[in-house]
């Protein structure tokens, strides 16, 4: 029962459609402009730098808060042994990403979970986040493709978790979330192979679906 309580609370936190709300605040349905995605990159491109940064930070905080503030409070109320804390935090993290990617408020359609996943692993495995962020920056600087950089980060994160001292559970969950993030970029991968993916800062008739 305690697992279900934490999972539901984390899902609802993750399901807050930050990008959609940012667009509505300006009278725009973010799903109908740019790439149609609710992630920070599309918000940045269509609503401006300030809105994009706010969405990026809030989406990241959703994941971080699910594994820290929300989970710690719930563990205290449920009187859960400290030895079991990591498993509860992992469950909360998974639920938060699922909430972000499949939000119940918008017919279970959401973002791609990159920022939210980063927030989760900033709480669970900060070193891996640093490596993944470095991979994102390098790939983006060389290619100017947000999607390609996000995929690189989704690969670097679980790889680093496997190469550093972490529990098997965290390693397996990180791998699963990385694969989910890559799967959510299926359309981007197809456009990258077709040469129709849009580089950041360039206009194109073919929109890019990002985070």
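The values are calculated or read from the model by the stated rules, or taken from the named source; none is laboratory data. Because the structure is a prediction, the values reported are computed rather than measured. FYI the Cβ positions are ideal-geometry reconstructions off the backbone, even for glycines, and counts take in every protein chain you see.
Summary of values
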| item | result |
| --- | --- |
| Complete set of residues in region 125-144 that are within 16 Å of the chain's Cα centre (by Cα) and either surrounded by 23 or more Cβ atoms within 10 Å (Cβ to Cβ) or assigned to a loop (DSSP other than H, G, I, E, B) (or both) | 125, 128, 129, 132 |
| Among (1) within 9 Å of the chain's Cα centre (by Cα); (2) over 19 Å from residue 41 (Cα atoms), the one test that residue 119 misses | (2) |
| Any hit, region 80-102, residues being more than 12 Å from the chain's Cα centre (by Cα) and under 19 Å from residue 183 (Cα atoms) | no |
| Selection count where residues are in contact (Cβ under 8 Å) with a residue 40 or more places away in the chain and part of a helix (DSSP H, G or I), scope region 145-159 | 6 |
| Residues within region 160-170 that are buried (at least 17 other Cβ atoms within 10 Å of the Cβ) and free of Cβ contacts under 8 Å to residues at least 60 places away in the same chain, tallied | 3 |
| Residue list for region 104-115, restricted to those being crowded, with 22+ Cβ neighbours inside 10 Å and modelled with pLDDT of 95 or more | none |
| Some residue of region 48-65 being modelled with pLDDT of 95 or more, more than 30 Å from residue 201 (Cβ to Cβ) and surrounded by 15 or more Cβ atoms within 10 Å (Cβ to Cβ) | yes |
| All helices (runs of 4 or more DSSP H) inside region 1-117 with 2 or more residues being touching a helix residue (DSSP H, G or I) at 6+ places or on another chain (Cβ under 9 Å), under 24 Å from residue 132 (Cα atoms) and free of Cβ contacts under 8 Å to residues at least 40 places away in the same chain | 40-47, 49-65 |
